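For reference, the structure is listed below as structure tokens.
The values are calculated or read from the model by the stated rules, or taken from the named source; none is laboratory data. Quick caveat: nothing in here was measured; it's all calculated off a predicted structure. Here the Cβ positions follow ideal geometry from the backbone for every residue, glycine too, while neighbour counts run over all protein chains shown. Side chains included, ligands, DNA and RNA excluded: accessible areas come from the protein's heavy atoms. Shrake-Rupley method; radii C 1.70, N 1.55, O 1.52, S 1.80 Å.
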Amino acid sequence: MIGIIDYDRGNLRSVEKALLKLGYSARILESPHELTEMKGIILPGVGAFADAMTALEEKGWVQPLLHYAQSGKPFLGICLGMQVLFEVGEEHGEHQGLGLLPGRVVKFPAGRKIPHMGWNTLHQEKSCLLLEGIPDEVYFYFVHSYYALTVDYDYIVGTSDYGVKFPALVGRDNIWGAQFHPEKSSPWGLKLLENFGRWVHGDADISGD
């Protein structure tokens, strides 16, 4: 079972429908107590970094998510859900994130229309299970005004460009994040979610071993 975290900041139904279309069991989780039943989780998100962290705190998700991350089970953040995996977000001041990935989330520099909205290519910096069967430089759907500025290049798996080259797919071990919306990025977004589902159900190893 794949759990989708409900903290009133996510595109929950779209993610759920995409997983069900792929044949995976998925459940929208309204309580942290449900985490123990999940083989993998997805943290979606739309909106502002600070609001997302406040909502996670108020609904009691922060510590259970950190504990789940330590379990080694698959954990995927999408869009804002990817951004809050980092240590700090600079939207409307400086705010602490979950700290599961090193770096901070900063605003796009002036010179381009913000938000970055629409289709953009993903350049694969390295191979990983989530990208298996997905060609390099295919298009995914983005909606965001801020991007991750990581201090460790080893976490960057795929990049896109919007006046500045930014991490679009990041991760290591069991913690991964996609800046784009795979649930809105057919067919390649569905392929990425299919790969995540294979990993969750033990049909593939994220390490490639």
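Annotations
- Estimated inter-spin distance, Lys107 and Glu87, nm [label 7 Å along Cα→Cβ]: 2.3 nm
- Cα centroid separation, the range 161-209 to the range 49-89 (Å): 17 Å
- Unit charges at the beta carbon, dipole of the range 63-209: most positive-side option, Thr150, Ser185, Cys128: Ser185
- Annotation for the range 106-209: GluC sites (Glu not before Pro) lying in DSSP loop with at most 13 further Cβ atoms inside 10 Å of their Cβ are Glu137.
- His33, His67, His201, reordered so the largest accessible area comes first (probe 1.4 Å): His33, His67, His201
- Sequence of Asp8, Asp205 when ordered by accessible area, the most exposed leading, probe 1.4 angstrom: Asp8, Asp205
- Applying both filters, DSSP loop and at most 16 other Cβ atoms within 10 Å, to the trypsin sites (Lys or Arg not before Pro) of the range 3-55 gives Lys39.
- Under 5 Å between amide hydrogens, built in the peptide plane, is the criterion, and for Glu87 it picks out Gly99, Leu101, Gly103 among residues at least 5 positions away or on other chains.
- Backbone amide hydrogens, once placed in the peptide plane, bring Gly40 within less than 5 Å of Gly3, excluding anything fewer than 5 places away on its chain.
- Under the combined filter of DSSP loop state and at most 13 neighbouring Cβ atoms within 10 Å, the range 1-97 retains these GluC sites (Glu not before Pro): Glu30, Glu94.
- Per-residue accessible area (protein heavy atoms, 1.4 Å probe) orders Ile2, Ile114 as Ile114, Ile2, starting from the largest.
- Surface exposure of the chain, expressed per residue as accessible area with a 1.4 Å probe, stands at 43 Å².
- Heavy atoms of Val200 accessible to a 1.4 Å probe, total area in Å² rounded to 10: 10 Å²
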